[in-house]
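**Q** Have a look at the structure that comes next, please.
The values are calculated or read from the model by the stated rules, or taken from the named source; none is laboratory data. A quick note: this is a predicted structure, and the numbers were derived from the prediction, not measured. Backbone-built Cβ (ideal geometry, glycine too); neighbour counts: all protein chains shown. Keep in mind that these areas ignore ligands, DNA and RNA; they rest on the heavy atoms of the full protein, side chains included. Shrake-Rupley method; radii C 1.70, N 1.55, O 1.52, S 1.80 Å.
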Amino acid sequence: MSDALDLTVMYAMHDALRRELAHLDRMTTGADRDPAHLPATVGWTLFKKALRAHHTAEDEALWPVLRGHLAGRPKDLALLEAMEAEHAAIVPLIAAIDAALAAPEVDPLGLGILTDALATGLAGHLKHEEDTALPLVRRALTAEQWGRFRQVHAQLLCPDAPLMLPWLLHGADEQTVAKLLALLPPRIRAAYTTKWAPAYIAVDRWSPGAAPTH
């Protein structure tokens, strides 16, 4: 077991999701924004992909491993069940938002209620996880087990790496960026620095139809 696990990638992902929730709120409630344009934005697409990859990695490669360390500890096992239930509750909210956006006429009030529920639910889940589940991860998992989760997490993001890596690191502090880039092969770091990040920054990801070039 290790108290020295580096959870930088976990907190970076949480910070990125919170950042995008703020953009989503402005997109759906701002007086100068038309929420009907949301499906055409890079921001909404990347948010959904990142959230799905992140929760899939936790459900498949983190919670089951952690559960194996918690036999005979019903309170901690109940916490893992809560984590999984909170994940499951977010899925229908996103589906409902997509359904509302696909309607012939978007109802701004109804959409605002749904996006507010998503923001409240996801923000609450992220804080719950950081306050209760991640301390368990630090105490229970070995470095090898944490490394396996990190690998699965990276593999799920990999198909969209030219967009997803700059998305993840956008706005992160220098220490976080340095730590996460250090985990990558040199060719990926070079691609990020010379191509992916400049292309990503040049695009307003929450504007309809904007698409960065890889």
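**Q** When both residues are 6+ apart or on different chains and their Cβ atoms are under 6 Å apart, which pairs have a first residue that lies in the range 74-96 and is within 15 Å of residue 58 (Cα to Cα), and a second that is open to solvent by 60 Å² or more (accessible area, probe 1.4 Å) and of a type outside the set (Ser, Thr, Tyr)?
**A** Filtered contacts from the range 74-96: 80/67.
**Q** Continuing with the same structure: Residues of the range 129-141 being of a type in the set (Val, Ile, Thr) and open to solvent by 40 Å² or more (accessible area, probe 1.4 Å), which ones? Spell out the reasoning first.
**A** Filtering the range 129-141 down to residues of a type in the set (Val, Ile, Thr) leaves 132, 137.
The answer is 132, and nothing else.
**Q** Applying the selection to the range 167-182, what residues are of a type outside the set (S, T, N, Q) and closer than 14 Å to residue 13 by Cβ? If you could, list the steps in order and put the result at the bottom.
**A** Taking the range 167-182 as the starting set, the residues that turn out to be of a type outside the set (S, T, N, Q) are 167-174, 177-182.
Those that are of a type outside the set (S, T, N, Q) and closer than 14 Å to residue 13 by Cβ: 167, 168, 169, 170, 171, 172, 177, 179, 180.
**Q** Return the residues of the range 85-128 that are more than 24 Å from residue 54 (Cβ to Cβ), part of a helix (DSSP H, G or I) and either modelled with pLDDT of 95 or more or open to solvent by 30 Å² or more (accessible area, probe 1.4 Å) (or both); say none if nothing qualifies.
**A** Initial filter on the range 85-128 (more than 24 Å from residue 54 (Cβ to Cβ)): 102-110, 112-113.
So of that shortlist, the ones also part of a helix (DSSP H, G or I) come out as 102, 108-110, 112-113.
Residues satisfying the conditions are 102, 108, 109, 113.
**Q** Please list, ordered by first then second residue, the pairs with beta carbon atoms under 8 Å, 6 or more apart or interchain, first in the range 178-207 and more than 20 Å from residue 23 (Cβ to Cβ), second of a type in the set (Lys, Arg).
**A** Close Cβ pairs satisfying both conditions: 181/189; 183/150.
**Q** Still on this structure, please answer the following. Being in a helix (DSSP H, G or I), open to solvent by 30 Å² or more (accessible area, probe 1.4 Å), modelled with pLDDT of 95 or more and within 26 Å of residue 184 (Cα to Cα): is that true of residue 144 here? So that I can check it myself, show each step before the final result.
**A** Working: in a helix (DSSP H, G or I): yes; open to solvent by 30 Å² or more (accessible area, probe 1.4 Å): yes; modelled with pLDDT of 95 or more: yes; within 26 Å of residue 184 (Cα to Cα): yes.
Considered against the rule, which asks whether it is in a helix (DSSP H, G or I), open to solvent by 30 Å² or more (accessible area, probe 1.4 Å), modelled with pLDDT of 95 or more and within 26 Å of residue 184 (Cα to Cα), residue 144 comes out as yes.
**Q** Scan the range 53-73 for residues that are among the basic types (Lys, Arg) and free of Cβ contacts under 8 Å to residues at least 12 places away in the same chain and jot them down.
**A** Taking the range 53-73 first, the residues among the basic types (Lys, Arg) are 67, 73.
If the condition is that a residue be among the basic types (Lys, Arg) and free of Cβ contacts under 8 Å to residues at least 12 places away in the same chain, then 73 is the only one that fits.
**Q** State the number of residues belonging to the range 190-208 that are surrounded by 16 or more Cβ atoms within 10 Å (Cβ to Cβ) and over 30 Å from residue 101 (Cβ atoms).
**A** 2
**Q** A follow-up question, please. Here is a check on your reading of the model: is residue 28 at pLDDT 95 or above, in contact with a Leu (Cβ under 9 Å, 6 or more places away or on another chain) and under 30 Å from residue 173 (Cβ atoms)? Please lay out each step first, then the result.
**A** Numbers: at pLDDT 95 or above: no; in contact with a Leu (Cβ under 9 Å, 6 or more places away or on another chain): yes; under 30 Å from residue 173 (Cβ atoms): yes.
So residue 28 fails the test.
**Q** If you don't mind, there's one more thing I want to ask. Could you count how many residues in the range 48-77 are within 14 Å of residue 137 (Cβ to Cβ), hydrophobic (A, V, I, L, M, F, W, C) and part of a loop (DSSP other than H, G, I, E, B)?
**A** Summing the residues that are within 14 Å of residue 137 (Cβ to Cβ), hydrophobic (A, V, I, L, M, F, W, C) and part of a loop (DSSP other than H, G, I, E, B) in the range 48-77 gives 2.
**Q** Considering only residues that are acidic (Asp, Glu) and surrounded by 14 or more Cβ atoms within 10 Å (Cβ to Cβ), which ones fall in the range 152-189? Please lay out each step first, then the result.
**A** Within the range 152-189, the subset acidic (Asp, Glu) is 160, 173-174.
Passing the criteria: only 160.
**Q** Let me ask you something else. Please verify whether residue 160 is within 21 Å of the chain's Cα centre (by Cα) and either in contact (Cβ under 8 Å) with a residue 24 or more places away in the chain or under 19 Å from residue 54 (Cα atoms) (or both), treating the condition exactly as stated.
**A** Numbers: within 21 Å of the chain's Cα centre (by Cα): yes; either in contact (Cβ under 8 Å) with a residue 24 or more places away in the chain or under 19 Å from residue 54 (Cα atoms) (or both): yes.
For residue 160, the condition - within 21 Å of the chain's Cα centre (by Cα) and either in contact (Cβ under 8 Å) with a residue 24 or more places away in the chain or under 19 Å from residue 54 (Cα atoms) (or both) - is met.
**Q** Regarding residue 40, is this residue hydrophobic (A, V, I, L, M, F, W, C), in contact with an Asp or Glu (Cβ under 7 Å, 6 or more places away or on another chain) and more than 23 Å from residue 13 (Cβ to Cβ)? Break it down into steps so the answer makes sense when it comes.
**A** On the way: hydrophobic (A, V, I, L, M, F, W, C): yes; in contact with an Asp or Glu (Cβ under 7 Å, 6 or more places away or on another chain): no; more than 23 Å from residue 13 (Cβ to Cβ): yes.
No; evaluated as a whole, the condition is false for this residue.
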